[in-house]
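Computed from the coordinates by the stated procedures, all read-outs in this text should not be read as laboratory data. In this text the structure is predicted, and so the values were computed from the model without any measurement. Every residue, glycine as well, gets a Cβ built from its backbone with ideal geometry; the counts of neighbours run over all protein chains shown.
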Amino acid sequence: MKNIAFFTGSLVVIGLSLAVVPYPVSWRLGAGALLLLAWGYGLWRAGRGALRPQSPVRLLPGHALLLLALGLIGAQAGFWAWIAVPPLTVTLDFAPKRSLAVAVYAILWFDLFALLHHVVALGRDLTGLALALWSVAIALVAVLYVAAGARRLWKRKEWCQDG
């Protein structure tokens, strides 16, 4: 039941974000297709009882809201960096090898932190010392977060052998 409510709510957030984001229609259609593919994958996994509570697919509403934030600040370059997020999310969920999972995890989260940096820096129109401090702070948090997450993934017992 929790999965049904989650995926229904996710679909609503995805739809609203795509309806409001001020990107060209072709961009919104492409982003919507990526989000819906990831959503369908998550729904399929949930239907089979294989969607773990810590699955990155559960971050889809946040991905849609990040796209909305990028659009509202007019970040066209951010849109192109965001395009990688849904495929990386799905890849991380089904990564068969520990080494692949750790690499995809790092790429996904560094991309998300870079996009968050972009949203705040452009949204607040940061320059000079404020931009430098924000950049150092987000970089430090990103490195610590990714290192801790990569360590956690590496120690997971699901992978008996890494070939």
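In region 40-64, what residues are in contact with a helix residue (DSSP H, G or I) (Cβ under 6 Å, 6 or more places away or on another chain) and among the hydrophobic types (A, V, I, L, M, F, W, C)? Across region 40-64, the qualifying residues are Leu43, Ala46, Leu51, Val57, Leu60, Ala64.
Just the residues that are surrounded by 12 or more Cβ atoms within 10 Å (Cβ to Cβ) and assigned to a helix (DSSP H, G or I), please, taken from region 115-128. Selection gives Leu115, Leu116, His117, His118, Val119, Val120, Ala121, Leu122, Gly123.
For region 22-42, residues that are touching a residue at least 40 places away in the same chain (Cβ under 8 Å) and either more than 17 Å from the chain's Cα centre (by Cα) or farther than 28 Å from Ala77 by Cα (or both) total 3. Out of Leu60, Leu18, Leu51, one residue alone is assigned to a loop (DSSP other than H, G, I, E, B), over 30 Å from Ala132 (Cβ atoms) and either among the charged types (D, E, K, R) or touching a residue at least 40 places away in the same chain (Cβ under 8 Å) (or both). It is Leu51. Against the condition of a type outside the set (Ser, Thr, Tyr) and buried (at least 20 other Cβ atoms within 10 Å of the Cβ), how does Leu112 come out, does it pass? Yes. When Arg52, Arg48, Arg58 are checked against the criterion of being surrounded by 15 or more Cβ atoms within 10 Å (Cβ to Cβ), under 23 Å from Phe6 (Cα atoms) and not aromatic (Phe, Trp, Tyr), a single residue qualifies: Arg58. Against the test of being within 27 Å of Leu29 (Cβ to Cβ) and in a helix (DSSP H, G or I), the options Leu131, Leu88 yield a single qualifying residue, Leu88.
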